[in-house]
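A quick write-up on the structure given underneath.
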Amino acid sequence: MWLKMITVVVAVVMMSVSVDSSQTLVKDMTKNFLKAYEACQKELSLQESTAKELMYFWKEDYEGTNREAGCAILCLSKKMDIIDPEGKLHKGKTNDFLKQHGSDDETAAKVMDILHNCEANVAHTDDECLGAMDVAMCFKKEMHSLNWAPDPEVMLQELMSEMQ
């Protein structure tokens, strides 16, 4: 059950969800990321605590530092094919991913700018999992500043009602 609830949170790490976005958009992304998270959980032997950790991601006061959660985010990004062979966001594929999930050109461009700025401006580390978490936390902060961050309580409620 935790796995299904966390999937929504992980999905939105990779794209913005504007305040007026549809439930269909979030549900569509959730379905895609659910498959990827299950694969990452098996590949990386992720603990259930990792899913719980990621559930709190969109809470404004949450500061993610869990290395395993960063590994999960990195794995999901690779599964969605939005990371290039050097471990950087692939601009074209990320843009396509955003558009496939309902973003218009302007929103996709803004999200891409934010992601690339976060990627360029976070302190570089040799640990790619911690680096992924740092980029994700930067992205989350920017989404909150734009008031684009989803309400984590509403997301979990919607997902739970969808599962019934």
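Bear in mind these aren't lab numbers, they're just calculated from the coordinates by the rules spelled out. The structure displayed is predicted, hence computed values, not measured ones.
Tabulated data for the structure shown
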quantity	calculated
Gain on full stretching of the segment that runs from LYS141 to GLN157 - 0.36 nm per residue minus C-alpha separation	3.5 nm
Gyration tensor (alpha-carbon) shape descriptor, the stretch 79-164, a/c threshold 1.5	prolate
Cα gyration tensor category, rounded, prolate or oblate, for the stretch 66-121 with a/c compared to 1.5	prolate
Amide H contacts of ILE83 (H built 1.01 Å from N, under 5 Å, at least 5 apart or other chain)	HIS90
